[in-house]
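Peer 1: Input: one structure, supplied below.
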Amino acid sequence: MAMTLDLEYEFTRFSYNNHSVCVNSNNLNLVEVAIINLLGQEGYRQIPKPPLPQNDKLLIQTLCSSPWEIMSYLKVIAISIGNYGWSVIKAFPSELFCRRAKKTKLPLLARLASQQKFDAFHNTVLQRYWGVLIEANSSGRTLASGYLDSDYMEYIRFYTKRIQESKGYKNFSLIEVPREFQWAGSVSSIFNEREKQKREEELELLYQSDEKEIRDKAWSEWKELNMSWFERRDEDLGKLICKSDFFWHENKLLYKAYAEPEQLEKDRVRLLFFQTGRFDLDPSTEEIWSPITSRKDYGIERDIPF
């Protein structure tokens, strides 16, 4: 008996998560130097891309399954020129620029914006239905808005920032952005609830087709019909700002830097690597690449489930 394909199941089993930093500058050299200086102030030292060890197959498996083992001593930043005079930044760990900068309660994003005198924002989507937008203006002021699934929103913090719950569909309240950014995600479905349900039933039938092109179109329309507002806003912002859909949705940066570097090069992405924490150095090159094998190597006080 042939297996019945289920669009709703396919949609719900894949979570939509994305983290993107955007800065109001299309001078890639300036943005790169600003990030190097910022992370230098945090105690990170820029290094060349660490070479793969001989057991690279094992390493790639580690990057996929346990990236937290790596992030204690290695940070990766990717930068790409976008549209409207903005640039897009991706980081490993993804939420790096939300973390508090040294000797301040402000996130790294705020320090980056104030030091370079440009506006910036960090857009996060978690599990499709939760989202946080952190804005930072050129004077270092910040505002976090969005929604996390909690009955106690007034007590929720996102990396030390209190979240102002989103009202309506207006996105930005602190920084000046193009009108298109402001209303990203606000386009509502052309169907009412009854029409939507009927169309979903039609798409379910189309998804049973033996032709891949028909199944792909059914999946694409189903996804469009069922996007959450946070997911739709993120998708719209990506289409407006980022020149590469691949790069906008890049959330496995360290893995891609080794497994698919050709795509990053194709998208004209600049990669920056920084060493942090405790690790071993190659005595001849002073480059790092020593996978963690014990708690002692981790270098911070936390339990590790080896």
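Peer 1: Points 7 angstrom from Cα along the Cβ direction at N83 and R268: gap in nanometres?
Peer 2: Result for the modelled spin labels: 1.5 nm.
Peer 1: Still on this model: By per-residue mean of other Cβ atoms within 10 Å, what is the highest-first order of 178-186, 75-83, 94-102?
Peer 2: Final packing ranking: 75-83, 94-102, 178-186.
Peer 1: Follow-up question, since we're still on this one. Would you mind computing, in nm to one decimal, how far apart the modelled labels at L28 and Q164 are, each placed 7 Å from Cα along Cα→Cβ?
Peer 2: 3.5 nm
Peer 1: Taking a threshold of 21 Å on the Cα-Cα distance, which of the pairs K212/K239; K217/K256; K102/K252; K49/K266; K117/K266; K170/K196 fall above it?
Peer 2: From the list (K212/K239; K217/K256; K102/K252; K49/K266; K117/K266; K170/K196), the Cα-Cα distance tops 21 Å for K212/K239; K217/K256; K102/K252; K117/K266; K170/K196.
Peer 1: In nm, to one decimal, how far is the modelled label at S173 from the one at K198, with both set 7 Å along Cα→Cβ?
Peer 2: Going from the S173 label point to the K198 one covers 4.0 nm.
Readers should treat all values here as calculations from the given coordinates under stated rules, not as data from a laboratory. Being a predicted model, the structure only gives us computed values, none of them experimental. Neighbour counts are summed over all protein chains in view; Cβ atoms, including those assigned to glycine, are modelled from backbone coordinates with ideal geometry.
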